[in-house]
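Each value in this text was obtained by applying a stated rule to the coordinates, not by laboratory testing. On a predicted model such as this, the values are computed, not experimentally measured, just so you know. FYI the Cβ positions are ideal-geometry reconstructions off the backbone, even for glycines, and counts take in every protein chain you see.
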Amino acid sequence: MTEKAIVVHEFDRRYSLADRVLAEIGTALEVLSGASRASRPNPAGPYMAASAPELSQAEARHAAGLMRVNHVGEVCAQALYRGQALMCKETSVRKVFETAAQEEVDHLSWCRDRIRELNSHTSLLNPLWYAGSFGLGVLASAAGRERNLGFMAETERQVEAHLERHLTDLPAQDSRSRAVVQQMKEDEVHHRETAEQHGGTPLPMPVRGIMTAMSKVMTTLAYRV
Ligand SMILES: [Fe+2]
Ligand SMILES: [Fe+2]
């Protein structure tokens, strides 16, 4: 038996599919209830109301809408990568998804904190975003190693472009949101590069187009709801 086969065998023996599904339900509830905690400090630093950026009501509402979109993006990334990892038999590939998902927890937590600082709320549709993305992740994992990693690389590429736009769209003086978005963008670049280095192949144009269209629907809805 090869080393890889032994690792897979050990993994399957330790955790049945039912164990893993139950663990996933627990993680989903943690993400959706807002209980997930960042493992790295917030790039914007500790919040102090007295020294927080001064924003008009309209600016604060706009910044909250953009950060809500980013929070939904992280809910989706979390669900996608966990779904992609769930059916993944190769330990090294599964590790890529699990490590990225762990860093997305930081993003999730930072976005949620900034939304609260702006006296707003996360998306009411988060359970739907999570369930849909998780299902998509499981589907992607069925497409094989290269496509599965390619899907991750394309997701990160689109998120990176979207965060770049937010750096332009956010109110100029909103340094706290900007610090969070900037760090997220750097992490997403790293996630994309990791997926490519592990063998992710470019997705066909129609798939990339569908992903862009889905992301457009998500960002439009999440800004408002
Ligand atoms: Fe992220
Ligand atoms: Fe990412």
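Some points to look at:
- Within the chain, helix-based [θ] at 222 nm, where runs of 4 or more DSSP H residues each add -39,500 (n - 2.57), nearest 500: -26500 deg cm²/dmol
- Between region 47-86 and region 116-176, the alpha-carbon centres lie 11 Å apart.
- In degrees, nearest ten, helix 126-142 long axis to first principal axis of the chain (Cα): 30 degrees
- Packing, taken as the mean count of other beta carbons within 10 Å per residue, orders the peptides 116-129, 48-61 from highest to lowest as 116-129, 48-61.
- Relative to the longest principal axis of the Cα atoms of the chain, the long axis of helix 91-117 makes an angle of roughly 20 degrees.
- Helix 57-86 and the long axis of the chain differ in direction by around 10°, with both axes built from C-alpha atoms.
- Ordering of 68-76, 179-187, 35-43 by packing is 68-76, 179-187, 35-43, highest average first (other Cβ atoms within 10 Å, averaged per residue).
- Positive dipole terminus of region 23-149, leading residue within VAL75, LEU118, LEU149 (C-beta point charges): LEU149
- Relative counts (whole %) of C-alpha pair distances in region 133-191, using bins that are 10 Å wide: 22, 39, 25, 12, 2
- Neighbour-count ranking [beta-carbon atoms within 10 angstrom, fewest first] of ASP113, ASP19: ASP19, ASP113
- The calculated FRET efficiency for the pair ARG61 and GLU164, based on their C-beta separation and a Förster distance of 25 Å, comes to about 0.70.
- Whole-angstrom Cα spans of region 59-224 along principal axes, big to small: 45, 27, 27
- Extreme residue, positive dipole direction of the chain, given options HIS190, GLY135, TYR15 (C-beta unit charges): GLY135
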